[in-house]
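Have a look at the structure below, then the notes.
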Amino acid sequence: MKRVSFIRAALLLLGLITGCSQSDELADGFIRDLGKVNEALKSDQVLRMDTVNKGEWDRMFVFAPYTALSEIETAIKLKASPAIENARLEERDDINLIVFLNRDNITFAAAVPRSVADFSISKEVQPISRSAAVFKNTGVGSPLILDGKK
């Protein structure tokens, strides 16, 4: 619990230092809301991503730690946004990167600390459509797994 508070404080401080954009504010709110929903999940319950991110998006990607920037750009078929580049996912094991797209535009990208919510997604199932973005909690300490059922 202390680690989550520290991470949130660090993200807030980082935002104040670098200046927040609208995308940063969306990402911060998303991470906060995702954490609340994930904490409330019981084993075998599902998390519907469209209840956490109610904004405009039609598909999403979840990138695991150490994914190279070139792999992300190839998958999303777009040049990485500053938020994606600044996440430095290829160097980190403490976050998953979630990228939301609407049509052919990046809505926002969130570097989600694995202590807030961890995901287990294979590259083969991506992108994930809005209707299929349903993740199952398989137990305490286990990553959320794509369920895909509406």
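Each value in this text was obtained by applying a stated rule to the coordinates, not by laboratory testing. In this text, all values refer to a predicted model and were calculated from it rather than measured experimentally. Please note: Cβ atoms are built from the backbone with ideal geometry, for glycine as well, and neighbour counts cover all protein chains shown.
Only one of (1) under 13 Å from the mean Cα position of the chain (by Cα); (2) over 23 Å from G139 (Cα atoms) fails for P113. Which number is that?
(2)
Considering region 62-110 alone, what residues qualify as being among the β-branched types (V, I, T) and farther than 17 Å from G29 by Cα?
V62, T67, I72, T74, I76
Just to check your reading of the model, which residue among V125, V140, V116 is in contact with a Gly (Cβ under 9 Å, 6 or more places away or on another chain), touching a residue at least 40 places away in the same chain (Cβ under 8 Å) and of a type in the set (V, I, T)?
V116
Would you kindly identify the strands (runs of 3 or more DSSP E) lying entirely within region 78-150 that contain at least 1 residues that are surrounded by fewer than 18 Cβ atoms within 10 Å (Cβ to Cβ) and out of contact with any Asp or Glu (no Cβ under 7 Å at 6 or more places or on another chain)?
In region 78-150, the matching strands (runs of 3 or more DSSP E) lie at 105-113, 144-146.
Of everything in region 62-77 that's of a type in the set (V, I, T) and assigned to a helix (DSSP H, G or I), which residue is farthest from the chain's Cα centre (by Cα)?
My answer is T74.
Taking the condition out of contact with any strand residue (DSSP E or B) (no Cβ under 8 Å at 6 or more places or on another chain) and within 14 Å of A109 (Cβ to Cβ), does K42 pass?
No, not satisfied.
The conditions are (1) surrounded by 14 or more Cβ atoms within 10 Å (Cβ to Cβ); (2) free of Cβ contacts under 8 Å to residues at least 60 places away in the same chain; (3) within 24 Å of S142 (Cβ to Cβ), and L69 fails exactly one of them. Which is it?
Status for L69: all satisfied but (3).
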